[in-house]
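Undergrad: My structure is below; once you've seen it, I'll send some questions.
Coordinate-derived values only; no laboratory data. All figures in this text were calculated on a predicted structure; none of them were measured in a lab. Cβ placement follows ideal geometry from the backbone for every residue including glycine, while neighbour counts extend to all protein chains displayed.
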Amino acid sequence: MIFDAHAHLDVSEIRGWYDTADRLIKVMDSVGIEKSVVSAYRDCPSPEIESPMEFLSSEVKKYPERLYPFIRLNPRFDDQTIEILDIAIQKHNFRGVKLHPSSYNLYPGGEPTVKIFRRAAKYDVPILVHCADEGNSMPLEFLSCIEQSPETKVILAHSGGFFHLKDAIRVCKQYENVYMDTCESPFVDGIKKAIDEIGPDRILFGTDNPIDNPYFEIEKVKQANLGKEIEEKIFYSNIASLLKEEA
């Protein structure tokens, strides 16, 4: 089975987004993905009438055994952001947090982000952070926040992108609470290198579905020729364990 640690749902007519749960499930079924972690494209708080939290909560209820919502947050709103995090976890049973610092243009090591990290640790839910080549999203820029909240389970999405894989591995080697996902990390050899450096237990499979081609992402892992046991960890059991789901 495959458990995708990085996918999306959101609808916004003005932006041309129509990524519903029904559409995502069709794509998942077409490539053999059983379950997916999903977050919106929009941050909370949001000025729109229906918040991304409400939309996502409503959509995942259509497929509660297959879709696992993460609340996407903007730390700039400080206490209001923390209140939304509380509501998402306590009321809507969200399973984690998503942060995309380049979207709200805020240094990820500052106090507003640290507050979110610590709150996530209180609930024992992971934080998926956009971690690629843009400013405010590169692996070493997250070190300060990770150091200030060592109990928080952090997933470095995209494994540092095209040019910062070594830095992502460095962060994971330094902190055992940090994981990486394979989503849109372009190099098969990069997956092998990450496993050689930190082992297979903290590598998660991700697609960015429906933005990226999930078939390509699946084949990328298979082309690494990792063996059945390691493939099973990356494709399913690592993220299932992180979310406390039975394999």
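Undergrad: For the chain, what is the relative contact order in percent, using Cα pairs closer than 8 Å and at least 6 residues apart in sequence?
TA: Answer for the chain is 17 percent.
Undergrad: Please work out how much length the chain gains when fully extended from S103 to S144, using 0.36 nm per residue of separation minus the C-alpha to C-alpha distance, in nm with one decimal.
TA: 12.8 nm
Undergrad: Highest mean first, how do 59-66, 214-221 rank when packing is the count of other Cβ atoms within 10 Å averaged over residues?
TA: Descending packing order for the listed peptides: 214-221, 59-66.
Undergrad: For region 194-238, what mean projected area does the convex hull of the alpha carbons give, in nm²?
TA: 3.1 nm²
Undergrad: Additional query: Just how large is the dipole of the chain about the Cα centre, in debye to the nearest 20, putting +1 at every Lys and Arg Cβ and -1 at every Asp and Glu Cβ?
TA: Around 280 debye, computed over the chain.
Undergrad: With each label point set 7 Å from Cα along the Cα-Cβ vector, what nm distance links K166 and D79?
TA: 4.6 nm
Undergrad: When the chain is fully extended, how far beyond the present Cα-Cα distance does F216 get from Y123, taking 0.36 nm per residue of separation?
TA: 30.1 nm
Undergrad: Also, quick follow-up: Extending each Cα 7 Å along its Cβ direction at D196 and K228, get the distance between those two points in nm, one decimal.
TA: Placing both labels 7 Å along Cα→Cβ, they lie 2.6 nm apart.
Undergrad: Same structure, new question: Report the one residue of S149, S159, G135 whose Cα lies farthest in the direction of the positive end of the charge dipole of region 132-172 (charges on C-beta: Lys and Arg +1, Asp and Glu -1; origin at the Cα centre).
TA: Most positive-ward Cα: S159.
Undergrad: Also: So what is the relative contact order of region 117-247, in percent, for Cα pairs below 8 Å that sit 6 or more residues apart?
TA: 19 percent
Undergrad: Now for a separate question. When DSSP assigns beta bridges and you keep just the ones with both residues in region 3-242, what percent turn out antiparallel, to the nearest 5?
TA: The answer is about 10 percent antiparallel.
Undergrad: What net charge do the residues around G109 carry, taking every other residue with its C-beta under 13 Å from that of G109, with Lys and Arg at +1 and Asp and Glu at -1?
TA: -2
Undergrad: Kirkwood Rh over Cα pairs of the chain into Stokes-Einstein at 20 °C, 1.002 mPa s: D in µm²/s?
TA: 121 µm²/s
Undergrad: Right, something else. Of the peptides 176-183, 222-229, how do they stack up when ordered by the mean number of other Cβ atoms within 10 Å, highest first?
TA: My ranking of the peptides, most packed first, is 176-183, 222-229.
Undergrad: Under 10 Å, Cα contacts only: if you run a Gaussian network model on the chain, which one of E141, E50, E197 comes out with the highest mean-square fluctuation?
TA: E50
Undergrad: Rounded to the nearest 20 debye, what is the charge dipole size of region 92-159 about its Cα centre when +1 sits on each Lys and Arg Cβ and -1 on each Asp and Glu Cβ?
TA: 380 debye
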